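Written below as structure tokens is the structure these notes are about.
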Amino acid sequence: MENKVDHIGIAVHSIEKALSFYIDVLKLDLLGFEEVTIQQVKVAFLHAGNTKIELLEPTSQDSPIAKFLAKKGEGIHHIAFGVKNIESRLQEIKELGLPLIDEKPRQGAADMEIAFIHPKAANNVLIELCEKKRGER
């Protein structure tokens, strides 16, 4: 899973409204839904070949996704790369002097540990690192 695109996160106002495009037009398979309370987000996962599309709908006006939508509108929120050891990857990135949003992994959707690299480090693209919890590789 190292350095492979795991998913592309897309911020939407309403998963229900957005789903028809991805299912009916693009013919992607719906993998399921999840609410990540700690992130204040509802997620729909779609299978897109070797990667997934993650539709992100805020569940609170205070959530990062709600703030993103208010500032930028609907669209690509982040690109997530699967890694094998998220803690060591974060340490390597920190040692390079690049800005991180998360210096330690936190709980994300799909039972993954996640951490974000600040967009300033990647030409204004928000990059997420994600790792399946140990024992689930």
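The magnitude of the dipole of the chain, with charges of +1 and -1 set on the Cβ of Lys/Arg and Asp/Glu and taken from the Cα centre, is near 240 debye.
Rounded, prolate or oblate: which fits the chain, taking a ≥ b ≥ c as square roots of the Cα gyration tensor eigenvalues, rounded meaning a/c under 1.5, else prolate when a/b beats b/c? Walk me through the intermediate numbers first.
Numbers: a/c = 1.76, a/b = 1.38, b/c = 1.28.
Prolate, since a/c reaches 1.5 and a/b exceeds b/c.
List the residues whose amide H sits under 5 Å from the amide H of residue 101, counting only those 5 or more places along or on another chain, with H placed 1.01 Å from N in the peptide plane. Hits under the 5 Å cutoff: 116, 117, 118. From its DSSP helices (H runs of at least four residues, each -39,500 (n - 2.57)), the chain gives a residue-normalised ellipticity at 222 nm of -5000 deg cm²/dmol. Sorted ascending by nearby beta carbons within 10 Å, beginning with the fewest, 43, 25 become 25, 43.
Sequence-ordered 3J(HN,Hα) estimates for region 19-24 from the Karplus curve with 6.51, -1.76 and 1.60 and θ = phi - 60° stand at 4, 4, 5, 5, 8, 7 Hz, glycine and proline given as x. Comparing mean-square fluctuations of 86, 127, 23 from a GNM of the chain with C-alpha springs under 10 Å, the top value falls on 23. Dipole orientation for the chain: of the candidates 11, 25, 45, 11 has the Cα lying most toward the positive pole (charges on Cβ; Lys, Arg +1; Asp, Glu -1).
Backbone geometry of region 54-71 corresponds, through the Karplus equation with coefficients 6.51, -1.76 and 1.60 at θ = phi - 60°, to 3J(HN,Hα) couplings of 10, 7, 10, 10, x, 9, 8, 5, 8, 6, x, 5, 4, 5, 4, 4, 5, 7 Hz, x marking Gly and Pro. Here the gap between residue 71 and residue 48, fully extended at 0.36 nm per residue and compared with their Cα-Cα distance, gives a gain of 5.5 nm.
Remark on residue 7: its backbone amide H falls under 5 Å from those of 52, 80, a criterion applied only to residues 5 or more positions apart or on other chains, H modelled at 1.01 Å from N.
Annotation: lysines with alpha-carbon distance below 22 angstrom to residue 42 (same-chain offsets under eight excluded): 17, 27, 52, 67, 71, 72, 132, 133.
Computed from the coordinates by the stated procedures, all read-outs in this text should not be read as laboratory data. Being a predicted model, the structure only gives us computed values, none of them experimental. Counting neighbours? That spans all protein chains shown, and the Cβs are built from the backbone with ideal geometry, glycine included.
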